[in-house]
Amino acid sequence: MDGLALEELNKAIMEGNEDLAAQAAGNALSLGITAEAILRTISVAGNEIGKLFEGGDWFLPELFAGAEAMNAAVGKVVPELEKAAIQPKGTIIIGTVEGDVHEIGKRIVCAMLSGSGYRVHDLGIDVTAEQFASKVRELHPDIVAASAYITTTCQYLPEIARALEAAGLRQDVKFLIGGAAVSRGLIGWAGADGFGENAAQAVDVANSLMKDLEGS
Ligand code: B12
């Protein structure tokens with residue numbers, strides 16, 4: 001039964017059917033399937049879509065439809081995860097870097113962080129380094145998280161570290177990076193403190209960065 005509901009969700013995403021995807025995610029929740037399992041299904045569908053696009057089997061219209069369907073499904077799950085959170089473990093601001101509009105992975109990361117007890121402020125997409133710095137000044141988060149999904153937009157990651165440095169805020173926060181174009185090897189280059197390969201790792205790394213902050 002559970003498998004069937006998640007299969008329906010995968011099918012709706014692959015068909016690019018936004019309404020059906022949202023409905024399937026809602027249906028899975030009402031069957032008692034965990035939000036984490038639903039988000040995993042959405043991630044797997046995202047990777048399938050990525051392969052079809054990269055292989056030239058899918059073009060931009062299909063890609064857009066699939067992306068919208070994924071977004072609609074994530075939207076159903078987020079309130080569920082937020083409900084589960086009790087006492088905030090810490091505050092995280094997160095955004096997709098300047099020039100980059102990819103957001104599905106980030107939204108999944110936000111949902112998992114909220115579900116694990118963090119207060120998350122999502123700054124959205126195409127966020128400049130100065131906007132990151134000004135939000136740090138306003139909200140005093142523990143962690144600044146930034147995602148980049150295109151090779152060319154990775155250049156904005158070190159700019160965030162530089163903007164925080166220039167504003168005298170770098171030592172107050174931990175800097176976490178991720179996204180399809182980011183790898184562990186970029187941590188030093190980006191002036192970051194940690195990297196997460198996927199949403200589950202984003203939570204693990206955030207937890208260990210919080211421990212570092214508490215110890216300092
Ligand atoms: C969907 C998609 C789009 C959608 C985005 C819709 C949206 N609202 O987000 C649309 C159609 C708009 C789009 C546009 C473009 N795209 Co696009 N897109 C994709 C695609 C197929 C899937 C991305 C996705 O959602 N994956 C599913 C999620 C769940 O996975 P994820 O993003 O990797 O996120 C996980 C991890 O990375 C991690 N994570 C994510 N964020 C963060 C943040 C932190 C802090 C941490 C710790 C972890 C973390 O956790 C997530 C969950 O496990 C990828 C292909 C791919 N293989 O990634 C291309 C891809 C990223 N796009 C690409 C390109 C080139 C573009 C365009 C330039 C295309 C064009 N010619 O117009 C434009 C860019 C426009 C712009 N300026 O940003 C390239 C980038 C190539 C490169 N390496 O430079 C890719 C790799 C496809 C390709 N091979 O050509 N795209």
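The values are calculated or read from the model by the stated rules, or taken from the named source; none is laboratory data. The shown structure was predicted, so the numbers you read here are calculated from the model rather than taken from an experiment. Here the Cβ is made from the backbone with ideal geometry for all residues, glycine too, and neighbour counts use every protein chain on show. For accessibility, only protein heavy atoms count, side chains too; no ligands or nucleic acids. Shrake-Rupley method; radii C 1.70, N 1.55, O 1.52, S 1.80 Å.
The table for this structure:
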| item | result |
| --- | --- |
| Unmet requirement for residue 65, which otherwise passes all of (1) of a type in the set (A, V, I, L, M); (2) in the same structural domain as residue 19 (by TED's automatic domain parsing); (3) touching a residue at least 40 places away in the same chain (Cβ under 8 Å); (4) closer than 26 Å to residue 174 by Cα | (4) |
| All positions within region 179-206 that are at positive phi and either near the ligand (Cβ under 9 Å from one of its atoms) or open to solvent by 40 Å² or more (accessible area, probe 1.4 Å) (or both) | 179 |
| Which listed residue is more than 11 Å from the ligand (Cβ to nearest atom) and within 16 Å of the chain's Cα centre (by Cα), from 22, 12, 35 | 35 |
| Subset of region 126-141 (residues that are open to solvent by 10 Å² or more (accessible area, probe 1.4 Å) and farther than 19 Å from residue 209 by Cα) | 126, 128, 130, 131, 134, 135, 137, 138 |
| Residue match in region 92-113 (condition: open to solvent by 50 Å² or more (accessible area, probe 1.4 Å), out of contact with any Lys or Arg (no Cβ under 7 Å at 6 or more places or on another chain) and within 18 Å of residue 201 (Cα to Cα)) | yes |
| Residue in region 51-72 that is under 30 Å from residue 211 (Cβ atoms) and basic (Lys, Arg) present | no |
